[in-house]
Amino acid sequence: MAVNSLGSPAGDSVFAAVDLGATSGRVITGRVGAATLELTEAHRFPNTPVRLPDGLRWDVLALYQGMLDGLRAAGRSGPVASIGVDTWAVDYGLLDADGALLGAPFHYRDGRNAGAQDLLPPGVGAQELYEVGGLQHLPFNTVFQLLAHRRTAQWEGARTLLLMPDLLVHWLTGSVGAEITNASTTGLFDARRGRWADDLIGRLGLERSLFPPLREPGDPAGTLLPHVAEFTGLPPATPVTTVASHDTASAVAAVPALERDFAYVSCGTWSLAGLELDAPVLSEQSRAANFTNERGVDGTVRYLRNIMGMWLLEECRREWRREGAAPALAGLLADAAAAPPFAAVIDPEDESFLAPGDMPARIDAYLLRTGQAAPRTPGGYVRCVLESLALAHRATLRRAAGLAGRAPTRIHLVGGGSRNELLCQWTADASGLPVTAGPAEATALGNILLQARARGLVGDLSGLRQLVARTQPLRHYEPRGDLRDWDRAAARIAPGRGTARSR
């Protein structure tokens, strides 16, 4: 299926992006030239976690097989110049001394993470973690996962820690490394110095030898192992290029911003809302507001907050399907548009919405404890979710701008959520700022363009973004309505209960 086709001269190069999200994985090929950017989906496969007796795990072998099948499909369409891999952040696999994987990686939504922050050793507190790593406090941050994991027998055999994209690159090439944008989400990365936080790692009782050398986007990661080349049909010399392996970092690289002062929302399962800065903001005010400082491309900082995004809507739809109803998304959105505005609002960051399960019932429980009436129709729930997400986008971006001393003039909303016209318009209405929506495939575009840049086909980050702006379909939304209506709705959201709040 062609995602976008804008002409493809014979001299253009083709790159393969392995893009794994929380619910599905894809291999997408991209044809890149001086004025060409064409994406084609080669293969899509589900990402279905497995609940085992010891917890919720990723089915990493199924993901690896889906990736290989996708690369084989990509190779059938012609020569592949390079391969890049991106996934979600924080989760990891442990290898033993022989390089074998010690069990399927835990899922960040696994219940073991809930109390892991209490395992911090004496003398290491939240303030120091922020001063070093600059991360938003989330119970599933890698540092907390590791504190829980090290209490297991499995830990004794661990010799190498590889974050999810690094693990898949290792299986493709045999090489070992840690891509820097993903490493910066662990809580064990020095946000100021741009390297592993050796002192903190030691004080936490972790072995520094677990953490492999860092790689930057654009660095070579190796070539295909013989058995991988044989299965995929790709030449053994096919290079694997390090990209911004945290999917949000690749998405932000592909934001089609032509202005310097822009804000972004990368909206999929999560909404990642923030600013691109030249240096981290590590003040006590920033920690109290629970903003994260993650590494972007070319030494930039993604100053943002994690907000539960379209997960809320998809969990509602999953529950309705389980109950035997299967309302189509288009109909739900039409019903949401017709539902009364601001009938009910929630805080998307409330910790009760984090785990899988009956989302409409959880929304009802939140509304009951905040003195609001529950929606009566699926369309009412959808309106509640989308208006609440728009309010969360507004609150997060306003706070980020104040803490960073920036005044964004436009919001770029990228990712799958950019296809949702109601969410885009309501984000503009709530914020009072114009919204440019798209590209929907920002993560894959960023992955592919960083590969192309490593081969000299694309210029600096500004040039990369200009190519996206010239070639990709975008939609523009101007604020409308009365901003005071959004102010009144925001005042009804119960503060201080969310999983993204500081503790």
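The values are calculated or read from the model by the stated rules, or taken from the named source; none is laboratory data. Here the structure is a predicted model, which is why all the values come from computation and not from measurement. Please note: Cβ atoms are built from the backbone with ideal geometry, for glycine as well, and neighbour counts cover all protein chains shown.
Modelled with pLDDT of 95 or more and either crowded, with 23+ Cβ neighbours inside 10 Å or within 19 Å of Glu38 (Cα to Cα) (or both): which single residue out of Leu403, Leu397, Leu368 fits that description? First the steps, then the outcome.
Numbers: Leu403 fails: either crowded, with 23+ Cβ neighbours inside 10 Å or within 19 Å of Glu38 (Cα to Cα) (or both); Leu368 fails: either crowded, with 23+ Cβ neighbours inside 10 Å or within 19 Å of Glu38 (Cα to Cα) (or both).
Every option except Leu397 fails the conditions.
Do we find a residue being assigned to a helix (DSSP H, G or I), buried (at least 24 other Cβ atoms within 10 Å of the Cβ) and hydroxyl-bearing (Ser, Thr, Tyr) anywhere in the stretch 447-469?
No: zero hits.
Could you say whether any residue in the stretch 315-333 is farther than 16 Å from Glu349 by Cβ and in a strand (DSSP E or B)?
Of all residues in the stretch 315-333, those farther than 16 Å from Glu349 by Cβ come to 316-333.
When the remaining residues are screened for being in a strand (DSSP E or B), the result is none.
No, that holds for no residue.
Quick test for you: out of Arg484, Arg492, Arg398, pick the one residue that is under 17 Å from Val345 (Cβ atoms) and either free of Cβ contacts under 8 Å to residues at least 12 places away in the same chain or part of a strand (DSSP E or B) (or both). Show your work before the answer.
Working: Arg492 fails: either free of Cβ contacts under 8 Å to residues at least 12 places away in the same chain or part of a strand (DSSP E or B) (or both); Arg398 fails: either free of Cβ contacts under 8 Å to residues at least 12 places away in the same chain or part of a strand (DSSP E or B) (or both).
Selected residue: Arg484, the only one of Arg484, Arg492, Arg398 that is under 17 Å from Val345 (Cβ atoms) and either free of Cβ contacts under 8 Å to residues at least 12 places away in the same chain or part of a strand (DSSP E or B) (or both).
Check whether at least one residue in the stretch 139-152 is in the same structural domain as Pro105 (by TED's automatic domain parsing), outside any helix (DSSP H, G or I) and of a type in the set (A, V, I, L, M), and report yes or no.
Checking the stretch 139-152: not a single residue is in the same structural domain as Pro105 (by TED's automatic domain parsing), outside any helix (DSSP H, G or I) and of a type in the set (A, V, I, L, M).
Can you tell me which residue in the stretch 208-230 is farthest from Gly123 (Cα to Cα), limited to those that are surrounded by 15 or more Cβ atoms within 10 Å (Cβ to Cβ) and in contact with a Phe, Trp or Tyr (Cβ under 9 Å, 6 or more places away or on another chain)?
Val228
Note down all Cβ pairs under 6 Å where the first residue falls in the stretch 190-206 and is free of Cβ contacts under 8 Å to residues at least 40 places away in the same chain and not assigned by TED's automatic domain parsing to the domain that holds Gly299, the second is part of a helix (DSSP H, G or I) and of a type outside the set (A, V, I, L, M), and they're at least six residues apart or on different chains.
Asp198/Arg208; Ile201/Arg208
Residues in the stretch 22-39 that are charged (D, E, K, R), without any contact (Cβ under 8 Å) to a residue 24 or more places away in the chain and closer than 30 Å to Leu312 by Cβ: how many?
Initial filter on the stretch 22-39 (charged (D, E, K, R)): 26, 31, 38.
From what is left, the residues that are without any contact (Cβ under 8 Å) to a residue 24 or more places away in the chain are 31.
Filter again for closer than 30 Å to Leu312 by Cβ, leaving none.
Adding up the residues that qualify gives 0.
Let me confirm something: among Gly233, Gly205, which residue is closer than 20 Å to Leu71 by Cα, surrounded by fewer than 17 Cβ atoms within 10 Å (Cβ to Cβ) and not hydroxyl-bearing (Ser, Thr, Tyr)? First the steps, then the outcome.
Values: Gly205 fails: closer than 20 Å to Leu71 by Cα.
Answer to the selection: Gly233.
For the stretch 64-97, which positions are in a helix (DSSP H, G or I), of a type in the set (A, V, I, L, M, F, W, C), surrounded by fewer than 22 Cβ atoms within 10 Å (Cβ to Cβ) and touching a strand residue (DSSP E or B) at 6+ places or on another chain (Cβ under 7 Å)? So that I can check it myself, show each step before the final result.
Applying the first criterion (in a helix (DSSP H, G or I)) to the stretch 64-97 yields 64-76.
This time we only want the ones that are of a type in the set (A, V, I, L, M, F, W, C), so: 67-68, 71, 73-74.
Remaining after also requiring surrounded by fewer than 22 Cβ atoms within 10 Å (Cβ to Cβ): 68, 73.
Within the stretch 64-97, just Ala73 meets the criteria.
Which one is farthest from Gly55 (Cα to Cα), of the residues in the stretch 104-134 that are touching a Gly at 6+ places or on another chain (Cβ under 8 Å) and surrounded by fewer than 16 Cβ atoms within 10 Å (Cβ to Cβ)?
Applying the filter and picking the extreme gives Pro121.
If you scan the stretch 281-314, which residues turn out to be outside any loop (DSSP other than H, G, I, E, B) and surrounded by fewer than 20 Cβ atoms within 10 Å (Cβ to Cβ)? Before the answer, list the steps.
Pass one, the stretch 281-314, residues outside any loop (DSSP other than H, G, I, E, B): 284-289, 292-295, 297-299, 301-308, 311-314.
Passing the criteria: Glu284, Gln285, Ala288, Ala289, Asp298, Gly299, Glu314.
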